[in-house]
Amino acid sequence: MAIPQPQVKFTQIFINNEFVNAVSGKTFPTINPATGKKIADVAEGDKADVDLAVAAAKAAFERKSVWRQMDASARGKLLHKLCDLMEKNLEYLAALESLDNGKPYASAVYDVHASVASLRYAAGWADKISGDTLPSDGPHLTYTRKEPVGVVGQIIPWNYPMLMLAWKWGPALATGCTIVMKPAEQTPLTALYLCSLAKEAGYPAGVINMVPGYGATAGNAITVHPDIKKVAFTGSVEVGKKIMAGAAGTLKKVSLELGGKSPLVICDDVDVNEAAQIAFAGVFENMGQCCIAATRTFVQEGIYDAFVKKAAELAKSRKVGCPFAQDTQHGPQIDDTQFKKILRYIEIGKKEGANLVTGGVQVGTEGYFIEPTVFSNVTDDMTIAKEEIFGPVQSIIKFKTLDEVIDRANATSFGLAAGIVTKSLNNAILFSNAVEAGSVWVNTYLAVHVQAPFGGYKQSGIGREMGKDGMELYLETKTVSIRLPSKV
């Protein structure tokens, strides 16, 4: 029995706790990736709307505003109240996410729980952020204060719409900042609904503002706005570079969580079936639309053929279908652009000599479904081994020694995540210390925790989200020195 599809409730811009039309009156369609058909028309924000949203956020951040005068513990309670409302509306949120994003309903339910966990973690920090009292020379009392940055701009991607919102709302709200966010144009619906829940939870007007629209207009307006003091972005390296360049004009703080081409090293001392399962989950999670996907699967030569065989079996067994069908494990790609891009990479892989073991073709005639795809005999110089595909494509690469594969794993401009499957503690520690990646997993993959910082080396980003480090992105440090009497 299929899960019923939800009715869309909010499609306007959210500014100052009100849903309003775009100043221009323009709208854009949001598409159901399972059918390729329009779900609804959404208000298209641009510079004029961003200006209004920033003005509201700036007013909400004024020194004597309700938000600035609120106790830190009360900020934490508001986040918990928002989480309570998300849990109350869990089924609707999950269904809306499946409709707009295409991920299977069960995965969307998991994302709601993960989003709540992230926000509750941030809530716990609200009244625990503090400075230090410092020893200083001379007759001075010196201490530091941790203060919110101010108005922050946040731009989130389409692959995990709710979760990426939670990762950014949580620390911004816990520290006392105000927000102007742009959701991905492909997936604005859950973000807008969460704004309605934030208002219901009791957030003061102007603290949270949501401007759906396109990157070149709404996103750029956020990036260059002089009253936005920090911009946080999750997405591609290409766009991340544009945001960094745009932010330079006002020297605002920038945090970037960008792309990856993550290596997962499978040593020959492991159980092949178990290792293949770990690699399978690491590649095909969220239809391969995952920045930390283990798309470079390095397998030691002694077990290579057995691993390829098992990987193909797992890919063939994955149930592709409607996100609202209860047995579906694998939904569509996000849109026609991504669908065509992935198929193009698959063709390039075949032309460059990789062996297509299974998959590689469209499923059905409606929507953007692609069979889980496995390539063997992939070499480091092939395009599919170097470039981020962001789709359900596993490239299995052979290696001989751990020392050799570490150098090969690091031979990339990316550095978001990495993993190793081995029974040797020495191998695990050597690899973990030597690989250039922000997250390293041993005998597991995708083990992302709200308590742990997340981010990348090299062109995979700047700064860390989640954990204590994630709070620091939204704080300024102020040093105060007070002259004391020479004799105490």
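The values are calculated or read from the model by the stated rules, or taken from the named source; none is laboratory data. Here the structure is a predicted model, which is why all the values come from computation and not from measurement. Cβ atoms come from the backbone with ideal geometry, glycine included; neighbour counts cover every protein chain shown.
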Practice item. May I ask you to list the residues in segment 318-342 that are crowded, with 19+ Cβ neighbours inside 10 Å and either of a type in the set (Ser, Thr, Tyr) or in a helix (DSSP H, G or I) (or both)? Key: Thr328, Gln338, Phe339, Ile342
Check your understanding: Considering Tyr345, Tyr368, which residue is in a helix (DSSP H, G or I) and either modelled with pLDDT under 95 or not small (Gly, Ala, Ser) (or both)?
Key -> Tyr345
Point to revise | Among the residues listed as Ala281, Ala205, the single one being part of a loop (DSSP other than H, G, I, E, B), surrounded by fewer than 22 Cβ atoms within 10 Å (Cβ to Cβ) and touching a residue at least 40 places away in the same chain (Cβ under 8 Å) | key: Ala205
Point to revise | Verdict on Gly456 being under 28 Å from Leu99 (Cα atoms), surrounded by 14 or more Cβ atoms within 10 Å (Cβ to Cβ) and touching a strand residue (DSSP E or B) at 6+ places or on another chain (Cβ under 8 Å) | key: no
Review point. When you go through Lys58, Lys38 one by one, which is the residue that is surrounded by fewer than 17 Cβ atoms within 10 Å (Cβ to Cβ), of a type outside the set (Val, Ile, Thr) and in contact with a strand residue (DSSP E or B) (Cβ under 6 Å, 6 or more places away or on another chain)?
Key: Lys38
Check your understanding: So how many residues does segment 297-317 have that are touching a Gly at 6+ places or on another chain (Cβ under 9 Å) and either part of a strand (DSSP E or B) or surrounded by 21 or more Cβ atoms within 10 Å (Cβ to Cβ) (or both)?
Key -> 2
Exercise for review: Answer with yes or no whether Lys168 is part of a strand (DSSP E or B), at pLDDT 95 or above, buried (at least 17 other Cβ atoms within 10 Å of the Cβ) and touching a strand residue (DSSP E or B) at 6+ places or on another chain (Cβ under 7 Å).
Suggested key: no
Revision key, fill the gap. Note on Ala294: of the conditions (1) in contact with a helix residue (DSSP H, G or I) (Cβ under 7 Å, 6 or more places away or on another chain); (2) closer than 26 Å to Gly455 by Cα; (3) outside any loop (DSSP other than H, G, I, E, B), unmet is (3)
Review point. What about Lys310, is it in contact with a strand residue (DSSP E or B) (Cβ under 6 Å, 6 or more places away or on another chain), basic (Lys, Arg) and at pLDDT 95 or above?
Key: no
Exercise for review: Might you let me know whether segment 130-139 holds any residue that is assigned to a helix (DSSP H, G or I) and under 19 Å from Leu79 (Cβ atoms)?
Suggested key: no
Exercise for review: Check Val23 against each of (1) out of contact with any Leu (no Cβ under 8 Å at 6 or more places or on another chain); (2) without any contact (Cβ under 8 Å) to a residue 40 or more places away in the chain; (3) surrounded by fewer than 23 Cβ atoms within 10 Å (Cβ to Cβ) and name the one condition it does not meet.
Suggested key: (1)
